[in-house]
1. Among the helices (runs of 4 or more DSSP H) contained in the stretch 216-310, which hold 2 or more residues that are modelled with pLDDT under 90 and under 19 Å from Arg170 (Cα atoms)?
2. Hey, among the residues in the stretch 84-98 that are among the aliphatic types (A, V, I, L, M) and assigned to a helix (DSSP H, G or I), which one's surrounded by the most Cβ atoms within 10 Å (Cβ to Cβ)?
3. Taking Gly66, is it outside any helix (DSSP H, G or I) and under 30 Å from Gln36 (Cα atoms)?
4. Among Leu74, Leu90, Leu85, which is within 30 Å of Ile34 (Cα to Cα), without any contact (Cβ under 8 Å) to a residue 24 or more places away in the chain and of a type in the set (A, V, I, L, M)?
5. Take the conditions buried (at least 21 other Cβ atoms within 10 Å of the Cβ) and in contact with a Gly (Cβ under 6 Å, 6 or more places away or on another chain) and apply them to Ala201. Does it pass?
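The values are calculated or read from the model by the stated rules, or taken from the named source; none is laboratory data. Note that the coordinates shown come from a computational prediction; the quantities given were computed from them, not determined experimentally. Backbone-built Cβ (ideal geometry, glycine too); neighbour counts: all protein chains shown.
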Amino acid sequence: MYSNISIKAGVINPSAGGDDYLANNIDESVASYIKQVNSLSIIRHINLLLVASQKHRGAALAAMDGDSVFIVKLSALQRSISYYLSSVILINKQSGFLVSEVELVDLKEDWSRLLMKYNEGMTVVDCYSLHSRLIESLVELIWRLATKANLFSRRDLIAEVDGHSSYEDRDHKALVEIAMRLLPEMIENIAKVRGMATHAAVSGSCDVNYQEKFRGLFQCINYQNLELRRLSLSLCKETLASMPSVGRIMLNDHKLQQLKDLVESKIISKSGHLVSGSVVFDFATEVVEIYRLIVIEGVDRIQEYIERRI
């Protein structure tokens, strides 16, 4: 019955049999499954694009002050961003345009414009804000895709109305919140700290504006971390056993505090020995990767849940 559906690189192509194929040949539940699986595939690649874009922001800020280590990093990161952006556009096309074509074309043009302005010479403020605008668009796109694909699922919504829900349903909903909304936002705040702290370490300057931004970002991160704990504590032991990264959240707090202490003592207060931009960048990246692993495992569990419901 479904032999005309093509699968490329893990993506189910619903348009392989013509524009009306889904409407005429596949029942609603299968159409919903295809949409959810394809949305997860796009989200996985947007996350890769996010990682590269966030690293590029930090490297670009440091390179503006002449740090040769970060000048070298930029070329590789720019290739990665172009590759992942093209991958998202292609997968989206194969998936039947779950994201509007115009929106992705705009993202590609924003990236090209940012790169052109950077090569021509821009201020640190413009470099930070243009990168952040692009990245925040990607973070918002992840949540929009999750909502549009109804990753919470009809079954969850019915359970809420009835006043009851299975452990699996509740965990699924919590994981969507964690992996698609909370952590992308929290990771971006940590990545902003990384970019600013790396630039401050390379330039040897941290003015009042930077200090206020650091404190505002850490305040947001602390709040998001508390929400992450709350949602994680609601997960049943079976889910926790399948996601080792979530079980280490309490240990991750230590790394997060170390990053805050590093910024406070070496960047803002400038006490003791000066710290290099590379040290700040690499340590902050370790912190980012701790939380990114939760996102990766969370997306995998969400897909497993969807597949079990077939």
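1. Where helices (runs of 4 or more DSSP H) fall fully within the stretch 216-310 and carry at least 2 residues being modelled with pLDDT under 90 and under 19 Å from Arg170 (Cα atoms), they are 237-242, 244-247, 277-308.
2. Val88
3. So Gly66 fails the test.
4. Leu90
5. Yes.
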